[in-house]
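What follows is a single structure, written as structure tokens, with notes after it.
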Ligand SMILES: Nc1ncnc2c1ncn2[C@@H]1O[C@H](COP(=O)(O)OP(=O)(O)OP(=O)(O)O)[C@@H](O)[C@H]1O
Ligand SMILES: [Mg+2]
């Protein structure tokens, strides 16, 4: 089932929890809502579920407006951040509850619960109470309860955030696999970018109620639409350097006191067309900078942090700090003079005022 | 740590033992007196069972209801009151805790005001209401056991008791509902439950300690009630008398108050409450222990 948001708003008094959201989640797609805490992710989910009514705008399931449809008629399964299991019921009754409400025959309930429980690997825990389960097991029970009524839409509100790091990585792939096997349209809320990028087909980045960008993980990482997305996605985070864009003899140059970079003509002219002023921001990810001792922009090593697979070198360029991912073979000490080369295919340019990317095609 | 905890525990015990001892002495006196001809302090001046004779023959003559009839009245009144208070408070409190509707805030403050309101001032208006209700056929005064809902009936007294108890009940239950996570309820709504089922199948089982506490509290209030039964029944000789009124017979009717008999009836009234309390004490404690863990 498709989910379409049209000019969706939700206000709590004066707080704009969701502001003019336009988004389309395709049938069978796995979409992540990514954003910092308090940006309105849960609110969006609860509007899909029908718990909150939109203040403005519409939600469509396929072609049908469902603003006023009650939660129980929406064919939705939801896993809450707190799991929200019913503490007074056994695992069996927890999972069976949606079916019981649908007045499914007792024998069928039993069979279906057993099937889902086995699929989730909690077949042995059916007689326990939720308080007697570990966090990971509770999460599976919650997922089983959401799946048992064979929903057409699955909503997951930070389902992995209460798990320890190892279990989280395991569940990440399991969830992704499960979603693909079942083919249920899924909206997944997280504030962990790695989770969003690795699991989802498409990621919607949200900040203070506004959609920032909605695209595939690759696009999001390599072509962020604005400063917020560029800065939010990626770890270690992207470097921003203040530069001015200059044109001389048909060549485009990015310049400040410490560096000078020549841009390809295509990029340069696009940036020039899109920008409102010559003062712009250059964004470059740490892995798109190479570091050596012979040629490039001159800098000084500030600190070196080994990350295991590679090392993170912070260098000083004037007053600002730039982070560079270097191979483990790179050896440097604090205070060494080193030189940087930017991968010019990967640089991003942003307008300082509008914070928009200057490399997008105008639409 | 041990060293510091020991004197602390001792102090706590001391603080508990001293007032408990005082109260216990009172009960001891009650017990001894009820089995004595006369007493001097805690010393009995001769043992007897005659103070308890009210159990098998009415001490004031046959036109007065027997102790067992009065006890039944008290029981029926307390149980009905408890039932209504618990059901109505928990439904009202659920709505107040979870739903948005106009007038919710004012309703809440109104219940609080009512709770603090000196109910005595309402006795006379309520008297007129009950007299008026009595004039309604059947439900006014024609129901067996209850009598009805009007003046001088068990049902009428219970109804007034309920009214006075509800603000308290609503506030207590609202506190318990407020403590239950919203997610659980939302989850049930998405699972397909109606509001009523959410209340009954999801919320109520999770506030059992609250229900228990309110039930016990209401029952004891009903059992011990004096002012309201006194005002709204024809008095201690009437068919609708409750235990507290029966006790009053001894004090004013006889020329000389027979304190030993008063003690016996007092003890009689006390026994069920004590037994009840012994069994439910754990539940009352539960409220403060916060019996929830995990899963929520
Ligand atoms: N019922 C409510 N009443 C008033 N304000 C609310 C309510 N629910 C959410 N808000 C506000 O709306 C904003 C968005 O909240 P929401 O719960 O959707 O955030 P979130 O993105 O899910 O955050 P988190 O990652 O911390 O769960 C917040 O500012 C929050 O304070
Ligand atoms: Mg949230």
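The values are calculated or read from the model by the stated rules, or taken from the named source; none is laboratory data. Note that the coordinates shown come from a computational prediction; the quantities given were computed from them, not determined experimentally. Here the Cβ positions follow ideal geometry from the backbone for every residue, glycine too, while neighbour counts run over all protein chains shown.
Exactly one condition in (1) surrounded by fewer than 22 Cβ atoms within 10 Å (Cβ to Cβ); (2) touching a helix residue (DSSP H, G or I) at 6+ places or on another chain (Cβ under 7 Å); (3) under 20 Å from residue B:119 (Cα atoms) is false for residue B:163; which is it?
Unmet condition: (2).
Determine, yes or no, whether residue A:41 is more than 10 Å from every other protein chain (Cβ to nearest Cβ) and either within 16 Å of ligand 1 (Cβ to nearest atom) or touching a strand residue (DSSP E or B) at 6+ places or on another chain (Cβ under 7 Å) (or both).
Spelling it out, residue A:41 is indeed more than 10 Å from every other protein chain (Cβ to nearest Cβ) and either within 16 Å of ligand 1 (Cβ to nearest atom) or touching a strand residue (DSSP E or B) at 6+ places or on another chain (Cβ under 7 Å) (or both).
Here is a yes/no grid of residues against (1) closer than 17 Å to residue A:224 by Cβ; (2) touching a strand residue (DSSP E or B) at 6+ places or on another chain (Cβ under 9 Å); (3) surrounded by fewer than 18 Cβ atoms within 10 Å (Cβ to Cβ):
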{"site": "A:299", "(1), (2), (3)": "no, yes, no"}
{"site": "A:302", "(1), (2), (3)": "no, yes, yes"}
{"site": "A:336", "(1), (2), (3)": "no, yes, yes"}
{"site": "A:340", "(1), (2), (3)": "no, yes, no"}
{"site": "A:354", "(1), (2), (3)": "yes, yes, yes"}
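Tell me whether segment B:43-56 contains one or more residues that are touching a residue at least 40 places away in the same chain (Cβ under 8 Å), surrounded by 11 or more Cβ atoms within 10 Å (Cβ to Cβ), within 22 Å of residue B:256 (Cβ to Cβ) and touching a strand residue (DSSP E or B) at 6+ places or on another chain (Cβ under 6 Å).
No, segment B:43-56 contains no residue that is touching a residue at least 40 places away in the same chain (Cβ under 8 Å), surrounded by 11 or more Cβ atoms within 10 Å (Cβ to Cβ), within 22 Å of residue B:256 (Cβ to Cβ) and touching a strand residue (DSSP E or B) at 6+ places or on another chain (Cβ under 6 Å).
Could you look through segment A:205-236, keep only residues that are without any contact (Cβ under 8 Å) to a residue 40 or more places away in the chain, part of a helix (DSSP H, G or I) and touching a strand residue (DSSP E or B) at 6+ places or on another chain (Cβ under 7 Å), and pick out the one that is surrounded by the fewest Cβ atoms within 10 Å (Cβ to Cβ)?
That would be A:217.
Quick one: residue A:109 ticks every box in (1) crowded, with 18+ Cβ neighbours inside 10 Å; (2) more than 14 Å from chain B (Cβ to nearest Cβ); (3) away from ligand 1 (no atom under 16 Å from the Cβ) except a single one, so which number is it?
Residue A:109 satisfies every listed condition except (2).
Considering only residues of segment A:48-66 that are within 14 Å of chain B (Cβ to nearest Cβ) and more than 19 Å from the chain's Cα centre (by Cα), which is nearest to ligand 1 (Cβ to nearest atom)?
By that ranking, first place goes to A:52.
To keep it simple, each residue is scored yes or no on (1) loosely packed, with under 15 Cβ neighbours inside 10 Å; (2) part of a loop (DSSP other than H, G, I, E, B).
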{"position": "A:1", "(1), (2)": "no, yes"}
{"position": "A:6", "(1), (2)": "no, no"}
{"position": "A:36", "(1), (2)": "yes, yes"}
{"position": "A:51", "(1), (2)": "no, yes"}
{"position": "A:60", "(1), (2)": "no, no"}
{"position": "A:81", "(1), (2)": "no, yes"}
{"position": "A:95", "(1), (2)": "no, no"}
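So residue A:51 clears everything in (1) under 22 Å from residue A:205 (Cβ atoms); (2) within 16 Å of ligand 2 (Cβ to nearest atom) except one condition, right? Which one?
The single condition residue A:51 does not satisfy is (1).
Scan segment B:84-104 residue by residue and report those that are surrounded by 10 or more Cβ atoms within 10 Å (Cβ to Cβ) and free of Cβ contacts under 8 Å to residues at least 12 places away in the same chain.
B:87, B:95, B:104, listed by residue number.
Being over 21 Å from residue A:192 (Cα atoms), surrounded by 15 or more Cβ atoms within 10 Å (Cβ to Cβ) and either at pLDDT below 95 or within 13 Å of chain B (Cβ to nearest Cβ) (or both) is the requirement here; does residue A:102 meet it?
Criteria not met by residue A:102.
Mind checking whether some residue in segment B:195-203 is more than 13 Å from every other protein chain (Cβ to nearest Cβ) and either at pLDDT below 85 or under 23 Å from the mean Cα position of the chain (by Cα) (or both)?
Within segment B:195-203, not a single residue is more than 13 Å from every other protein chain (Cβ to nearest Cβ) and either at pLDDT below 85 or under 23 Å from the mean Cα position of the chain (by Cα) (or both).
When you go through A:46, A:21, A:8, A:33 one by one, which is the residue that is touching a residue at least 24 places away in the same chain (Cβ under 8 Å) and within 14 Å of ligand 2 (Cβ to nearest atom)?
Answer to the check: A:33.
Quick grid of which residues meet (1) touching a residue at least 24 places away in the same chain (Cβ under 8 Å); (2) assigned to a helix (DSSP H, G or I):
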position	(1), (2)
A:104	no, no
A:109	no, yes
A:113	yes, yes
A:116	yes, yes
A:139	yes, yes
A:150	no, no
A:155	yes, no
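Restricting attention to segment A:164-204, and to residues there that are over 16 Å from the mean Cα position of the chain (by Cα) and outside any helix (DSSP H, G or I), which single residue is farthest from ligand 1 (Cβ to nearest atom)?
Step one: filter segment A:164-204 for residues over 16 Å from the mean Cα position of the chain (by Cα), giving A:164-167, A:170-171, A:174, A:177-185.
Applying the additional criterion that residues be outside any helix (DSSP H, G or I) yields A:164, A:183-185.
Numbers: A:164: 19, A:183: 26, A:184: 22, A:185: 20 Å.
Result: A:183.
If you scan segment A:118-137, which residues turn out to be in a loop (DSSP other than H, G, I, E, B) and within 13 Å of another protein chain (Cβ to nearest Cβ)?
Those that are in a loop (DSSP other than H, G, I, E, B) and within 13 Å of another protein chain (Cβ to nearest Cβ): A:128, A:129, A:133, A:134.
Looking at segment A:72-99, which of the residues that are facing chain B (nearest Cβ under 7 Å) and touching a strand residue (DSSP E or B) at 6+ places or on another chain (Cβ under 6 Å) is farthest from residue A:160 (Cα to Cα)?
A:76
Filtering segment A:8-34 down to residues that are more than 19 Å from the chain's Cα centre (by Cα) and buried (at least 22 other Cβ atoms within 10 Å of the Cβ), which residue is farthest from ligand 1 (Cβ to nearest atom)?
Ranking the qualifying residues of segment A:8-34, first place goes to A:8.
Specify which of the listed residues (A:31, A:69, A:15) is more than 26 Å from residue A:112 (Cα to Cα), more than 14 Å from chain B (Cβ to nearest Cβ) and modelled with pLDDT under 95. Before you say what the answer is, go through the steps one by one.
Values: A:31 fails: modelled with pLDDT under 95; A:69 fails: more than 14 Å from chain B (Cβ to nearest Cβ).
None of the other options fit; the residue is A:15.
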